[in-house]
Amino acid sequence: VCGLLGTNYWIETARTIGMILVAVALCALIGIPLGVLCGRVDGVWNVVRPALDAMQVVHAFVYMLPVIFFFSFGVVPGTMVTMIFALPPLIRLTNLGIRQVPEDVVEASRAYGAPEMRVLFDVQLPLARPAIMTGLNQTLLLAISMIGIAAIMGAGGLGLLVFRAVQNLDVA
């Protein structure tokens, strides 16, 4: 639909999709292993949980200040802020999924002599997949919601068009 509206809209749509995909991919690369580690080691979860609480309580504009200070304006800082904003649900839901795997299933696999990596990859991760996919879904939705704020940082995309329209009181 955006391509039918003109070249300018298509370019901004492609830029938006690119920023979202990069942010979600980086969140998945960081969040899923960290969530698995939190789900398996209580000490790690006790350290990570307060940081996640702080990340979810602090407003998105607060993330922008240090990123702008260190990295200036543009697409990369906007993607970084989007990634930081969208990361906590993935870690939390991955942790929850790993912890909700029935203990008797994990114990049975260990009793049959499965090493810990096999227990993780063949038992825990498949049974935690619905929670992990929910975390990816929430991360994607938060990344999409952050695009308007990232436009203020000069990231471009569809958020920039909305930002300009709001500034000019151009409702259409």
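The mean sequence distance of close C-alpha pairs (under 8 Å, at least 6 residues apart), as a share of the length of the chain, puts its relative contact order at 32 percent. Candidate values [x] 133; [y] 116; [z] 295 were compared with volume of the Cα convex hull per residue in Å³ computed on the shown model; the agreeing label is [x].
Helical runs assigned H by DSSP (4 residues or longer) give the chain a calculated mean residue ellipticity at 222 nm of -27000 deg cm²/dmol, each run adding -39500 (n - 2.57) before division by the residue total. The modelled label-to-label distance between Ala165 and Trp10, using points 7 Å beyond Cα along the C-beta direction, is 2.0 nm.
Per the 1.4 Å probe, what fraction of the accessible area of the chain, in percent, lies on carbon and sulfur atoms?
Reported share for carbon and sulfur atoms: 70 percent.
For the chain, complete DSSP H runs whose alpha carbons reach 24 Å or more along their own long axis and whose mean Kyte-Doolittle score is 0.0 or higher are 7-40, 75-99, 125-152. With N the number of residues in the range 1-70, Rg(Cα) / (2.2 N^0.38 Å) evaluates to 1.58. Taking all protein chains together and rolling a 1.4 Å probe, Asp42 ends up with roughly 90 Å² accessible. Of the peptides 75-84, 157-166, 59-68, 32-41, the ranking by mean beta-carbon count within 10 Å, highest at the top, reads 75-84, 32-41, 157-166, 59-68. For Glu107, the accessible surface of its heavy atoms amounts to roughly 120 Å² (probe 1.4 Å, protein chains only, rounded to the nearest 10).
Have a look at Ala143, Ala51, Ala155 and tell me which one the Gaussian network model of the chain (Cα, springs below 10 Å) gives the largest fluctuation. Ranking Ala143, Ala51, Ala155 by mean-square fluctuation puts Ala51 first.
The values are calculated or read from the model by the stated rules, or taken from the named source; none is laboratory data. Predicted, not measured: the structure shown is a model, and the values here were computed from it. Cβ atoms come from the backbone with ideal geometry, glycine included; neighbour counts cover every protein chain shown. Side chains are part of the model used for accessible areas, which takes the heavy atoms of the whole protein and leaves out ligands, DNA and RNA. Shrake-Rupley method; radii C 1.70, N 1.55, O 1.52, S 1.80 Å.
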